[in-house]
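Below is one structure, written out as structure tokens; the observations come after it.
The values are calculated or read from the model by the stated rules, or taken from the named source; none is laboratory data. Computed from a prediction, not measured in an experiment: that's the story for all the values here. Positions of Cβ are generated from backbone atoms using ideal geometry, with glycine treated the same way; all protein chains shown enter the neighbour counts. The protein model used for the area step is the full one, side chains on, heavy atoms only, and it has no ligands, DNA or RNA in it. Shrake-Rupley method; radii C 1.70, N 1.55, O 1.52, S 1.80 Å.
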Amino acid sequence: MSAVLVESGPDKDAIWHFGEPNQEQKALVAANAWADLSHRGVISISGKDRLTWLHALTTQHVEKLVAGKWVEALILDVQGHVIDQLFLVDDGNTAWL
């Protein structure tokens, strides 16, 4: 089984799939697989107001986010167009994006 790589964009040269994208997606949803996202950057935000600030900045309700719970969020411009997508988890002291 050989990897098919992303050809362009921010994920260029990352693994797209291994030949069976539909089956691979189902395995990811069922938590029976993982995706290598090591080519993406990680941002940490600390401070007591980090979740309140992220709540105001993103589309996700994260003000009372439970530690260890992953959520997906969007950052929008004033017209409501997507600027960026992120995955966020808080460990109780730091938010990791």
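Looking only at the range 1-59, which residues are among the charged types (D, E, K, R) and under 15 Å from the mean Cα position of the chain (by Cα)?
11, 36, 40
Could you please give the count of residues in the range 56-90 that are of a type in the set (Ser, Thr, Tyr) and within 17 Å of residue 42 (Cα to Cα)?
Within the range 56-90, residues that are of a type in the set (Ser, Thr, Tyr) and within 17 Å of residue 42 (Cα to Cα) number 1.
Surrounded by 11 or more Cβ atoms within 10 Å (Cβ to Cβ), within 30 Å of residue 18 (Cα to Cα) and of a type outside the set (A, V, I, L, M, F, W, C) - does that describe any residue in the range 47-70?
Looking for residues that are surrounded by 11 or more Cβ atoms within 10 Å (Cβ to Cβ), within 30 Å of residue 18 (Cα to Cα) and of a type outside the set (A, V, I, L, M, F, W, C), one finds none in the range 47-70, hence no.
Sort through 76, 86, 28, 37 and tell me the only one that's within 30 Å of residue 3 (Cβ to Cβ), touching a strand residue (DSSP E or B) at 6+ places or on another chain (Cβ under 8 Å) and among the aliphatic types (A, V, I, L, M).
Result: 86 is the single residue among 76, 86, 28, 37 that is within 30 Å of residue 3 (Cβ to Cβ), touching a strand residue (DSSP E or B) at 6+ places or on another chain (Cβ under 8 Å) and among the aliphatic types (A, V, I, L, M).
So which residues in the range 8-46 are open to solvent by less than 60 Å² (accessible area, probe 1.4 Å), more than 20 Å from residue 91 (Cα to Cα) and not in a loop (DSSP other than H, G, I, E, B)?
17, 24, 27
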